[in-house]
1. For the subset of segment 108-142 comprising residues that are hydrophobic (A, V, I, L, M, F, W, C) and outside any loop (DSSP other than H, G, I, E, B), which member is farthest from residue 285 (Cα to Cα)?
2. Among the residues of segment 224-241, write down those that are touching a helix residue (DSSP H, G or I) at 6+ places or on another chain (Cβ under 8 Å) and either outside any loop (DSSP other than H, G, I, E, B) or under 17 Å from residue 327 (Cα atoms) (or both).
3. Take residue 111 and tell me if it is buried (at least 16 other Cβ atoms within 10 Å of the Cβ), closer than 21 Å to residue 298 by Cβ and at pLDDT 95 or above.
4. Restricting the search to segment 325-359, which residues are crowded, with 19+ Cβ neighbours inside 10 Å, in contact with a helix residue (DSSP H, G or I) (Cβ under 8 Å, 6 or more places away or on another chain) and in a helix (DSSP H, G or I)?
5. Condition first: buried (at least 17 other Cβ atoms within 10 Å of the Cβ), of a type in the set (Val, Ile, Thr) and in contact with a Gly (Cβ under 7 Å, 6 or more places away or on another chain). Can you find one or more residues in segment 210-224 that meet it?
6. Say whether the condition of being among the small types (Gly, Ala, Ser), modelled with pLDDT of 95 or more and over 15 Å from the mean Cα position of the chain (by Cα) is met by at least one residue in segment 308-320.
7. When the residues of segment 186-195 are narrowed to those that are within 15 Å of residue 78 (Cβ to Cβ) and in contact with a helix residue (DSSP H, G or I) (Cβ under 9 Å, 6 or more places away or on another chain), which ends up surrounded by the fewest Cβ atoms within 10 Å (Cβ to Cβ)?
8. Within segment 176-213, take every residue that is part of a helix (DSSP H, G or I) and of a type in the set (A, V, I, L, M) and give me the one that is farthest from residue 80 (Cα to Cα).
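The values are calculated or read from the model by the stated rules, or taken from the named source; none is laboratory data. Quantities reported herein were computed from a predicted structural model and do not represent experimental measurements. Because the Cβ atoms are built from the backbone with ideal geometry, glycine has one as well, and the counts that use them run over all protein chains shown.
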Amino acid sequence: MKATHLRLGIACTLLIGTISACATAPDGETEPASDTEAAASSPEPAPSYSPESRDLVQADIERLMEELSNWGRWGDDDQLGTANLITQEKRLEALALATEGISVSLAHPLIIETAVDVPFPFERAILALPDPDEVPAFRGGVSDRYEISYHGYSHSHIDALCHILYKGKMYNGYSQDTVTAEGCTRSSIFNLRGGIVTRGIVFDIPRLKGVPYLEPGTPIYTEDLEAFEEMAGLRVRAGDAVFIRTGRWARRAEVGPWAVSQHAAGLHASTMPWVRSRDISFIGSDAALDVVPSLVEGVDLPVHVLTIVAMGLDIFDNQDLEAVAETAAELGRWEFLLVAGPLAVETGTGSPVNALAIF
């Protein structure tokens, strides 16, 4: 279905994922991003955009689903979406950004205790322990098992393009019927097994506004994004990965956990034409990207729907952007080499991820 033909009603379904249950690779699985250079050149350049009103209603989201769509842009069988924008040349350009030898993790430490923002904490079990009553063996060892339900507002992860559904369809028009008990037979996280290597940029919105963190429910508008570009002296280019810092983890450390799923600072849906116009390859934040409540009556997570379903733009959720923002401020540069490798889970709806910012 081409972008001009996308007219659908609003509905959003989150597929809850865990690190278990992987089936055999589905027929026709798209190769990882590193093997898809032929598709990377876009036949349709990203359009210029007109500023969107902040006063949006459901009908506006439906309109934006059509206007911002990348369906068919890289072919009717595409399962990579905006990851196609990361070409060999883009990777080499990004590699040149590693000039200081400084590597910073964007992953928040996995939380093992239940809290209002962590309904499903990370679980692990030690499977083997040295016996203190026995003489130490020549070769000993220990092992453990992990269990994690990573979608939501707790753990650092990346969403696959099959994670969000809109009126029964996912990115590029694939039906929800392609999702089975074994997982996603189309647009799964397995398509990103070649890794993500590109130019990353952290947008430190609290620093822009002169505060340590944004209060929950604070919307970020296009004017904020453009103001940060001006302050940082840079511009987002095609194929870049953009990370929006709201200060969620700094606030949590200071005042304690709160129900992030009900109140979170984040992007307002009116920023989506700007995102589409810049041809961003990946986007993320320290919460789940959307401002919550959405400020669009009757529509939950409109940013998730517009990015993942309409644009084919994967989201990094719950990234810890405190250290990378501090490093960027110290160095006076907000761009870096981004390297990330999701788990190669066939049919997976996403993956826990430890993304690295390398300066």
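1. First, the residues of segment 108-142 that are hydrophobic (A, V, I, L, M, F, W, C): 110-112, 115-116, 118, 120, 122, 125-129, 135, 137-138, 142.
Applying the additional criterion that residues be outside any loop (DSSP other than H, G, I, E, B) yields 115, 118, 125-128.
Values: 115: 20, 118: 17, 125: 30, 126: 32, 127: 35, 128: 37 Å.
Checking each candidate, the answer is 128.
2. Across segment 224-241, the qualifying residues are 224, 225, 226, 227, 228, 231.
3. On the way: buried (at least 16 other Cβ atoms within 10 Å of the Cβ): yes; closer than 21 Å to residue 298 by Cβ: no; at pLDDT 95 or above: yes.
When the stated conditions are applied, residue 111 does not pass them.
4. The one that is crowded, with 19+ Cβ neighbours inside 10 Å, in contact with a helix residue (DSSP H, G or I) (Cβ under 8 Å, 6 or more places away or on another chain) and in a helix (DSSP H, G or I): 325.
5. Pass one, segment 210-224, residues buried (at least 17 other Cβ atoms within 10 Å of the Cβ): 213-214, 216, 218-222, 224.
Of the ones still in play, those that are also of a type in the set (Val, Ile, Thr) are 218, 220, 222.
After this cut, where a residue has to be in contact with a Gly (Cβ under 7 Å, 6 or more places away or on another chain) as well, the list is 220.
Yes.
6. Start the filter on segment 308-320 by keeping residues that are among the small types (Gly, Ala, Ser), which leaves 310, 312.
If we keep only those that are modelled with pLDDT of 95 or more as well, we get 310, 312.
Pick out the ones that are also over 15 Å from the mean Cα position of the chain (by Cα) and you get none.
So far as segment 308-320 goes, no, none of its residues is among the small types (Gly, Ala, Ser), modelled with pLDDT of 95 or more and over 15 Å from the mean Cα position of the chain (by Cα).
7. Selected residue: 186.
8. First pass over segment 176-213, keeping only residues part of a helix (DSSP H, G or I): 176-178, 189-192, 205-209.
Adding the requirement that they be of a type in the set (A, V, I, L, M) leaves 189, 192, 205, 208.
Details: 189: 9, 192: 8, 205: 29, 208: 33 Å.
Here the answer is 208.
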